[in-house]
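The structure under discussion appears below in the form of structure tokens.
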Amino acid sequence: MKVGIIGNNLTSLALAKAFVNQEIFVDIFYKDQKINVDKSRTIGISKSNIDYFNKNISDIKKISWPIKKIKIYSENSNNKEIIKFENQSENLFSIVKNYEIFNQLNTELKNTKFFKHKNTISYKDLNNTNCDLFINCDQEHEITKKFFLKKFEKKYESTAYSTVIDHKALSPNDIATQIFTKKGPLAFLPISKKKTSVVYSVRTNKSDDTFDVKNSIMKFNSSYQIKRINKVSKFNLRSLNLRKYYKNKILAFGDILHKLHPLAGQGFNMTLRDIKNLLEIVNNRIELGLPLDQSVCSEFQKRVKSKNLIFSEGINFIYESFNFNNKIKGDFIDRSVKLIGKNKLLNKYFKSIADEGLQI
């Protein structure tokens, strides 16, 4: 059996590695060209997902930074802490640099006989291959534009700014901070004792070149003696959920299926949960001696589509709630969140959702 994967990104490589670890042959199709690596981008991976990644995809313990506590503040409440999540016995999640995972997966795939890189493929040439199933992870591919454009979409009219700050060593530097400012959520995400990733999602009508993100970082920083703020990257924000996940034996995957606001750091976590579900479906079919065909795509959609949509709308609700709270200059949401933090059962419930997603 062979799976064809289209695209050259973190999702396509993680998916390919998950398959080859099951001794399933993978051909990956993309144009071999130099990629401009953005070293400011990081990913937060939940405890259950990092465990799954380490066991079933690639051991990334050496390049991940553990987070044991999350503190959430609100500018509307005079920058006071409104909720805290922590676990003394184990990590809540880990922060990993995108390019480091990408490089590690690339290296490991090149060293396995189950993997081949091939030049990009057109839709009309799919039937000329010996792949039983295709998974499309390339947002710019003609297949995406031909079959996977119908979606539920929300434009936030926001720009995300990301960078890495160098600071005086802070040990253990294992506390992530989220501040709901009047312009949008600002996150400080430690990646080492001397470096912390920063993501600031700023509400604007369009990308505003006059916004001084470095000054805002200095304004809201209360934990770090900053030595340097590195190059700032920015990108416009939107959320989306694809209406139909597949066309014949082509399954859409990753950011084509769903995108989230980065305030909760759940985008790649949803993709990892999708990988887990897809691998379970594929392995079950192999054990039963069934082919990998369109029915895999159909079963995957039935299993995860509703969960992904509900989860996405939950993230939208959180964002819009704080957005509304700021517009009316009230503290109702802040007070509600404080009550959740004080209730041990609710606190545990929300940690569980962030870690494992919806269990329905």
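Odds and ends about this structure:
- For the chain: accessible area per residue (Å², 1.4 Å): 51
- Protection proxy ranking of 18-31, 262-275, 294-307, by the mean of other Cβ atoms within 10 Å over each peptide's residues and highest first, is 262-275, 18-31, 294-307.
- Here the chain has 49 percent of its accessible surface on carbon and sulfur atoms, given a 1.4 Å probe and all protein chains in place.
- Folded to 0 to 90 degrees: helix 47-56 orientation relative to the chain principal axis, Cα: 30
- Anisotropy class of segment 107-177 from Cα gyration tensor, a/c 1.5 cut: oblate
- Under the criterion of Cα pairs below 8 Å and six or more residues apart, the relative contact order for the chain equals 21 percent.
- Pairs exceeding a 26 Å alpha-carbon distance, out of K151/K307; K2/K31; K31/K247; K193/K259: K193/K259.
- Angle of helix 267-287 to the longest C-alpha principal axis of the chain, folded into 0 to 90 degrees and rounded to 10: 30°.
- Bridging of K214 to lysines at a Cα separation below 20 Å is possible for K39, K168, K182, K183, K194, K195, K206, K227, K231, K234, once same-chain residues fewer than 8 apart are set aside.
- Extents of segment 211-318, largest first, come to 59, 25, 21 Å (Cα atoms, principal axes, whole angstrom).
- Site pair E23 and K168 shows an inter-label distance of 5.7 nm when each label is modelled 7 Å from Cα along Cα→Cβ.
- Normalised by the number of residues in segment 8-99, the mean separation of alpha-carbon contacts (under 8 Å, six or more apart) gives a relative contact order of 33 percent.
- Share, in percent, of DSSP beta bridges within the chain that are antiparallel, nearest 5: 70
- Rounded to the nearest 20, the size of the Cβ-charge dipole of segment 1-151 about its Cα centre is 180 debye, with Lys and Arg at +1 and Asp and Glu at -1.
- Extension gain for S298 to F114 (0.36 nm times residue separation, less C-alpha to C-alpha distance): 63.7 nm.
- Rounded, prolate or oblate (a/c below 1.5 giving rounded, otherwise prolate when a/b exceeds b/c) for the chain by Cα gyration tensor: prolate
- Peptides 63-74, 162-173 ordered by average Cβ neighbours within 10 Å, highest first: 63-74, 162-173
- Potential lengthening between N128 and S321 on full extension [0.36 nm per residue; Cα-Cα distance subtracted]: 64.4 nm
- Taking each residue as 0.36 nm, the span from K69 to F211 lengthens on full extension beyond its C-alpha to C-alpha distance by 48.1 nm.
The values are calculated or read from the model by the stated rules, or taken from the named source; none is laboratory data. A quick note: this is a predicted structure, and the numbers were derived from the prediction, not measured. When we count neighbours, we look across all protein chains shown, and the Cβ atoms used for this are built from the backbone with ideal geometry, even at glycine. Side chains are part of the model used for accessible areas, which takes the heavy atoms of the whole protein and leaves out ligands, DNA and RNA. Shrake-Rupley method; radii C 1.70, N 1.55, O 1.52, S 1.80 Å.
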